[in-house]
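Let me begin by presenting the structure, written as structure tokens, before commenting on it.
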Amino acid sequence: MPVTMTEKNKRPSAEKTRAALIESGLRLFGERGFGATSTRGIAAGAGANIASIAYHFGGKEGLHMACAEAIVEKISEAAGLGVLASDPGDDAEKAAAIIETALIAMIRFFVVQPEAKYIAAFVMREMTHPSAALDLIYSRMFYPLHGALCRLWGAATDNDPDSPATRLAVFAVIGQVIYFRLGRPIICKRMGWKDMGPKEADQIIAVIAGNLKTLISAAKDD
């Protein structure tokens, strides 16, 4: 059956509403938590009818999971999971370069992009009050991201990618990136920055890239 012009016009509007609800949900779930966030508040933040939440997601729980899926997509894209999946073979320098490229991309996302504030807040809420959303984020984003970095770390340092030492080293590397998002107000005060933008991100990248080289060199020696 052919699609009418009216139906074609509805599609962009429906997609826009769905995206606005996810954006509003990310912000409010991150700020207030799942229990303290109302569907009325989410709808108001999105400029949408409250009934649109049930229409698009089946309810608040469905929207919460959709927000988790959006986080998976955004961070996976920002970190370049496709690039991380590449095989450096026996080239330790290539493996280290891929790790550095991924870290730089994550820093630019978490430090510069405004939406990263709400993503970080949402994930931190899930860390302290775990739900099915955290399971989704872990299984579809964090586990493959951490696993890919461990594999590359093993190639860069000639160590076992599955060893506890490798896993902890990768946690430490990722933790540096996350801190510059979570510790933003304190860092800005101490550094005398009004905010963090591309210029500040470049300074952070220089430090973290140096730290990465030092950690990889130390792991090789061990």
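The values are calculated or read from the model by the stated rules, or taken from the named source; none is laboratory data. Keep in mind that what you see is a predicted model, and the values were worked out from it rather than measured. Heads up, the Cβs are rebuilt from the backbone with ideal geometry, glycines too, and the neighbour counts pull from every protein chain shown. All accessible areas refer to the heavy atoms of the entire protein, side chains included, with ligands and DNA or RNA removed. Shrake-Rupley method; radii C 1.70, N 1.55, O 1.52, S 1.80 Å.
Worth pointing out:
- When restricted to residues that are more than 17 Å from M127 (Cα to Cα) and part of a helix (DSSP H, G or I), the range 71-82 contains 8.
- Looking only at the range 23-60, residues that are open to solvent by 70 Å² or more (accessible area, probe 1.4 Å) and in contact with a Gly (Cβ under 6 Å, 6 or more places away or on another chain) come to 0 in all.
- Residue under evaluation M196, criteria (1) open to solvent by less than 30 Å² (accessible area, probe 1.4 Å); (2) more than 24 Å from S76 (Cβ to Cβ); (3) outside any helix (DSSP H, G or I), criterion not met: (2)
- Count of residues meeting criterion [crowded, with 20+ Cβ neighbours inside 10 Å and either of a type in the set (F, W, Y) or not in a helix (DSSP H, G or I) (or both)] in the range 102-122: 4
- Answer from M196, M141, M106, M124 - the residue that is touching a Ser or Thr at 6+ places or on another chain (Cβ under 6 Å), aliphatic (A, V, I, L, M) and in contact (Cβ under 8 Å) with a residue 24 or more places away in the chain: M141
- Test: residue in the range 138-156 that is more than 20 Å from A66 (Cα to Cα), at pLDDT 95 or above and open to solvent by 60 Å² or more (accessible area, probe 1.4 Å): yes
- Residues of the range 209-221 include none that is of a type in the set (A, V, I, L, M) and not in a helix (DSSP H, G or I).
- Of all residues in the range 78-96, at least one satisfies being modelled with pLDDT under 95, under 12 Å from the mean Cα position of the chain (by Cα) and surrounded by fewer than 17 Cβ atoms within 10 Å (Cβ to Cβ).
- Taking the criterion of being part of a loop (DSSP other than H, G, I, E, B) and aliphatic (A, V, I, L, M), the residues of the range 45-62 that qualify are A48, I50.
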